[in-house]
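The values are calculated or read from the model by the stated rules, or taken from the named source; none is laboratory data. Just so it is clear, the model here is predicted, and its values are computed rather than measured. Because the Cβ atoms are built from the backbone with ideal geometry, glycine has one as well, and the counts that use them run over all protein chains shown.
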Amino acid sequence: MKSILTALTLVLCLSLSAQEYVDKKGTVHFLSEATIENIEATTHSAGSAINTVSKRVVAKIPITTFKFKDKLMEEHFNENYLESDKYPYGVLNGTIVEAIDFAKDGVYEVTVKGTFEIHGVKHEQEVKGKLTIKNGAPASATAAFGIKLSDYKIKIPSLLGANISEGVNVDVNFNYEKFEKK
């Protein structure tokens with residue numbers, strides 16, 4: 001996990017005066033509602049960083065850390081659908097579109113525009129969420145959005161079409177702390 005945090009921080013280090021905030025234990029949850037059975041999983045191992053000067057946002061999610069209620073479902077997710085041995089991470093690399101005064105406390109509606117990479121496929125996406133500024137710094141970020149499996153070339157066998165939905169609802173929650181170089 002430390003290497004994920006280091007990589008995220010390096011991506012954000014655009015200037016010496018930049019302010020970086022990180023969360024290395026963020027929560028990502030997804031739900032695929034289907035006729036026969038819902039598919040749902042959560043991880044508490046997502047890394048994220050925000051640079052308050054460039055407004056860049058990055059997140060890196062280790063795919064194998066998603067936990068399911070059913071171990072067989074988890075195994076199929078990693079081996080057959082996300083191929084996590086070959087594509088171990090989901091990555092967001094984006095920028096906050098709105099002008100944000102990071103020195104002013106409050107809850108801001110934000111849009112992060114950038115690239116998601118899942119299953120080895122990069123896809124442009126806009127994610128709307130909320131950024132909470134507390135004590136003049138990013139404290140937390142939340143978002144809920146949908147993705148389409150076909151956008152990431154995740155194939156669903158026709159036999160399982162009623163079991164797996166083409167659309168997946170994702171929600172994220174990050175709690176940031178100022179990054180201190182050691």
Exercise for review: Just one of (1) modelled with pLDDT of 95 or more; (2) of a type in the set (A, V, I, L, M); (3) touching a strand residue (DSSP E or B) at 6+ places or on another chain (Cβ under 9 Å); (4) surrounded by fewer than 16 Cβ atoms within 10 Å (Cβ to Cβ) trips up Ala103, so point out which.
Suggested key: (1)
Practice item. Would you check if Asp151 is at pLDDT 90 or above, outside any strand (DSSP E or B) and within 19 Å of Gly94 (Cα to Cα)? Key: yes
**Study point:** Glu33, sole failed condition from (1) acidic (Asp, Glu); (2) under 18 Å from Leu149 (Cβ atoms); (3) modelled with pLDDT of 95 or more
**Key:** (3)
Point to revise | Residue satisfying all of: in the stretch 50-69; under 16 Å from Gly136 (Cα atoms) and of a type in the set (A, V, I, L, M, F, W, C); nearest to the chain's Cα centre (by Cα) among these | key: Ile50
